[in-house]
1. What do you get for GluC sites (Glu not before Pro) in segment A:1-57 restricted to DSSP loop and a cutoff of at most 13 other Cβ within 10 Å of the site's Cβ?
2. Can you give the mean number of other chain Cβ atoms that lie within 10 Å of the Cβ atoms in peptide A:82-95?
3. What accessible area per residue, rounded to a whole number of Å², is obtained for chain B using a probe radius of 1.4 Å?
4. How much FRET efficiency would the formula 1/(1 + (r/R0)^6) give for residue A:101 and residue A:56, where r is the Cβ-Cβ distance and R0 is 25 Å, rounded to 0.05?
5. About the Cα centre of the protein assembly as shown, what is the dipole size in debye to 20, counting +1 per Lys and Arg Cβ and -1 per Asp and Glu Cβ, all else neutral?
6. Using Cα-Cα distances under 8 Å and only pairs 6 or more residues apart, what relative contact order does chain B have, in percent?
7. Suppose we look only past 15 Å in the calculated P(r) of segment A:66-114. What percent of the Cα-Cα pairs does that tail hold?
Amino acid sequence: AQTVTQSQPEMSVQEAETVTLSCTYDTSESDYYLFWYKQPPSRQMILVIRQEAYKQQNATENRFSVNFQKAAKSFSLKISDSQLGDAAMYFCACVGAGSYQLTFGKGTKLSVIP
Amino acid sequence: DTAVSQTPKYLVTQMGNDKSIKCEQNLGHDTMYWYKQDSKKFLKIMFSYNNKELIINETVPNRFSPKSPDKAHLNLHINSLELGDSAVYFCASSQGAGRWEKLFFGSGTQLSVL
């Protein structure tokens, strides 16, 4: 089983600035995956970025990148050049490679200030 | 072409009624899930089926009964609805364990119990 903690219930960022959302996790699995999902007001769950724990290189997707610190069990999301469309709930999630149970954190609500 | 579709999108009903939410995926995945998102946006897994067999059954009242007639469908039936059942219910699918590319979500069903 996994636990995922997002310690920032709400964050805000100025348009075009950079923001980092925090996530820590705990798992007994040696091989696991980490995700960031975005949920805009439309309610749709959208995958932002995915990290395989056995890969040391941090995943990046355009303006989105992660800082994966495996020893510290930390998986933060950095959003560069923030846009109004980035305003959403962001959920960190973790799953063991052999598991069927993807566990989510409680989410961080990101506001983007024009 | 919607990958994971669930119906209805909105469901308003009285306490004590019985209702069903349907979910279908056309991705050829062998694992399907039901997640509940409460008013605080916390996403919690309820059930998971792999090849029509129940593999995850979290602490959910037995008024909730999932039914998987085949790999592409996972329906959720709720008996004797209570006020606390009001939430958004998400169906999702993945290609089993070990190949965690992503979890594909439906667009959610907002259930309101009056």
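1. Values: sites: A:10, A:15, A:17, A:29, A:52; in loops: A:15, A:17, A:29.
Hits after loop and neighbour filter: A:15, A:17.
2. Values: counts 0, 0, 0, 0, 0, 0, 0, 3, 0, 4, 0, 2, 0, 4.
Shielding by partners across A:82-95 averages 1.
3. Details: 5550 Å² over 114 residues.
Accessible area per residue, chain B: 49 Å².
4. Values: r = 25 Å, r/R0 = 1.01.
E(calc), rounded to 0.05, equals 0.50.
5. On the way: 23 positive and 21 negative charges, 34 e Å.
Magnitude of the dipole: close to 160 debye.
6. Working: 286 pairs, mean separation 41.9, N = 114.
That works out to 37 percent.
7. On the way: 693 of 1176 pairs.
Here the long-distance tail beyond 15 Å is 59 percent of all Cα pairs in segment A:66-114.
The values are calculated or read from the model by the stated rules, or taken from the named source; none is laboratory data. Not measured: the values here are computed from a predicted model. Positions of Cβ are backbone-derived with ideal geometry, glycine not excepted, and every protein chain shown enters the neighbour counts. These accessible areas exclude ligands, DNA and RNA; they are computed on the full protein's heavy atoms, side chains included. Shrake-Rupley method; radii C 1.70, N 1.55, O 1.52, S 1.80 Å.
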